[in-house]
Amino acid sequence: MLNNILQPEVNKKLLRSYHTSGKLLIPLLVPSLIFKKYEVNPILEKSIDTVNVLNFGYHSYVSTSCIVTDYVKPRLLSNIVRSSSFGLHGLAISGFIYSIFKEKI
């Protein structure tokens with residue numbers, strides 16, 4: 001299980017969702033920009049922003065994992081970089097979601 005999380009590029013299901021998330025990056029930004037410009041329902045705005053953060057975070061994490069696979073060959077170093085990437089991406093996602101919801105509705 002842990003190996004699937006640290007190496008998402010070898011799991012077909014995770015890789016398929018990565019490709020889907022890539023196709024949704026720009027289309028999901030459009031409603032977010034519209035909601036911000038016209039100050040639509042704040043709950044809906046925060047929801048779409050959260051989906052965007054999760055989508056960008058997941059896409060970035062899998063992309064980074066693919067780069068690690070291509071360029072970091074020593075196994076121990078690769079595991080350290082993968083674990084660090086997982087933790088830092090999780091921290092960044094948590095921070096962005098916190099910043100979205102810290103303001104009252």
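Values quoted throughout were computed directly from the atomic coordinates according to the rules given, and no laboratory measurement underlies them. These numbers were taken from a predicted model, which means no experiment stands behind them. Every residue, glycine among them, receives a Cβ derived from its backbone with ideal geometry; neighbour counts consider all protein chains shown.
Note on the chain: GNM, Cα springs under 10 Å; of Val62, Val53, Val81, the largest mean-square fluctuation is that of Val81. Computed 3J(HN,Hα) for region 5-17, one whole-Hz value per residue from the Karplus formula 6.51 cos²θ - 1.76 cosθ + 1.60 where θ = phi - 60°, is 6, 7, 10, x, 6, 9, 9, 4, 5, 5, 5, 5, 5, glycine and proline marked x.
Amide H contacts of Val72: none lie under 5 Å away among residues 5 or more positions distant or on a separate chain (H built 1.01 Å from N in the peptide plane; Pro and chain starts excluded). Pairs of Lys residues in the chain, spaced 8 or more positions apart or belonging to different chains, with C-alpha separations under 19 angstrom: 9 in total.
Couplings 3J(HN,Hα) for region 42-58, derived from phi with the Karplus relation 6.51 cos²θ - 1.76 cosθ + 1.60 (θ = phi - 60°), are x, 5, 5, 4, 5, 5, 5, 5, 5, 4, 5, 4, 5, 5, 5, x, 5 Hz, where x marks Gly and Pro. Percent of C-alpha pairs per 10 Å bin in the chain, short distances first: 14, 39, 28, 15, 4, 0.
Cβ crowding within 10 Å ranks Arg16, Arg82 as Arg16, Arg82, fewest other Cβ atoms first.
Backbone phi angles across region 61-67, fed through the Karplus curve with coefficients 6.51, -1.76 and 1.60 (θ = phi - 60°), yield HN-Hα couplings of 4, 5, 4, 5, 4, 5, 5 Hz in residue order; Gly and Pro are listed as x. The distance between label points at Lys46 and Ile34 comes to 2.2 nm (points 7 Å beyond Cα on the Cα→Cβ vector). For the chain, the 222 nm mean residue ellipticity estimated from helices alone, with every DSSP H stretch of n ≥ 4 adding -39500 (n - 2.57) and the total spread over all residues, rounds to -29500 deg cm²/dmol.
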